[in-house]
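Remarks on the structure that follows.
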Amino acid sequence: MSERAYAEHAGISRGAVQKARKTGRLVLFADGSINAVASDARRGTATDPDQQMRSRGGFGAAGDGPAVSGPGDSTSYIKARTALTVYQAQERQLSIQKKKGVLVDRARAETLVFRLVRQERDLWVTWPTRVAALMAAQLSADMEKASGKAVTIETAILQRVLETHVREQLDALADLRVSLE
């Protein structure tokens, strides 16, 4: 069979037949003509089904008429394959970003932020108790120097005042929300 005859038989272009001949997907007789039956079988196993459907323009084998639209349609296969390829590329990109440290696990980040904020809050809640006595002594000494009279500032009163102001500040900060979106 000639290249033109085989192209018509297979429902492909003559250029596609020439390319198939060069790449060894056709079986040739000794005289150089094409063995259609053996070539069809070899092309069927050596060619991607997606490529076969595109080369036929969405038609089945010669004489079959248009392919039935539906799940077996070449366009749905192409779309599914494209979607899979895009998904795999996105997955690889996310994996690379994770390895580089650009991306972090959201749940872990939220846990770490919560833990850090809680530690800060706990430090501020206990701060008035730790510094009230030192502040009272320092204020008493400074006022005594300035006035020349002995002044005593009650540690408990200073601690209560500090606790009130610290709690007001912490309440204001509690309204802030961290959004990792």
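Can you work out the FRET efficiency for the pair Ile153 and Leu112, with r the C-beta to C-beta distance and R0 = 30 Å, to the nearest 0.05?
After rounding to 0.05, the efficiency reads 0.15.
Please work out the Cα convex hull volume for the stretch 106-174 and give it in Å³ per residue.
Residue-normalised Cα hull volume stands at 84 Å³.
Using alpha-carbon positions, what is the distance between the centroids of the stretch 97-151 and the stretch 1-22, in Å?
82
Anything over 32 Å Cα to Cα? Flag those among Lys79/Lys99; Lys19/Lys98; Lys22/Lys79, in the order listed.
Beyond 32 Å between Cα atoms: Lys19/Lys98.
Since every read-out is calculated from the coordinates, none of them should be taken as a lab result. Note that the structure is a prediction, hence the values are computed from the model and not measured. Here Cβ is always computed from backbone atoms with ideal geometry, including for glycine, and neighbour counts include all displayed protein chains.
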